[in-house]
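Input: a single structure, listed below in structure tokens.
Please treat every number below as a calculation from the coordinates, not as lab data. None of the values given here were measured: they were computed from a predicted structure. Ideal geometry is used to build each Cβ from the backbone, glycine not excepted, and the neighbour counts take in all protein chains shown.
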Amino acid sequence: MRIKRGSNRVSRRKKVLKISKGYFLTRRNAYRMAKLQVERSLQFAYRDRRTRKRTMRSLWIIRINAAARTFEISYSQLIAGLKAAGSELDRKALADMAVRDTEAFGEIVKLAKKGLASKTA
């Protein structure tokens, strides 16, 4: 008796076409084109889940640097001072503090400046 692939084929195609919802023209309707686009999209998604971590870190650094310069200290000096002072704040928390609570960030900057002074002395 021969094997017919009816239900398997249909379910596989439905799965691909469901994922391709929202694509443009035949990339949404035609199985062959949709399959190519879905595979490509999944590759981009996999790659960009890692890229997002890099871009977020660089955004945090930009925000910290901008806020630090309003207190007349550079980003690198701020981080060096915090390490010397023994602070365990990460960049994500510092960036959030720089945007939302500038007074607390100012206190952190003072701590970093003390750390730098003790490091050089």
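Please build a GNM for the chain, connecting alpha carbons under 10 Å apart, and tell me which residue among Ser58, Ser41, Ser11 fluctuates the most. In this elastic network of the chain, the residue with the biggest mean-square fluctuation among Ser58, Ser41, Ser11 is Ser11. For the chain, the longest principal axis of the alpha carbon atoms and the long axis of helix 31-70 meet at an angle near 10°.
For the chain, the longest principal axis of the C-alpha atoms and the axis of helix 75-85 are separated by about 70°.
Under the convention that each Lys and Arg Cβ holds +1 and each Asp and Glu Cβ holds -1, the size of the dipole of the chain around its Cα centre is about 1920 debye.
3J(HN,Hα) couplings calculated from phi for region 10-23 with the Karplus curve 6.51 cos²θ - 1.76 cosθ + 1.60 (θ = phi - 60°) are, in sequence order, 4, 5, 5, 5, 4, 4, 5, 5, 5, 5, 7, 4, x, 6 Hz; Gly and Pro show x. With respect to the chain, whose longest principal axis is taken over its alpha-carbon atoms, helix 102-120 is tilted by about 60°.
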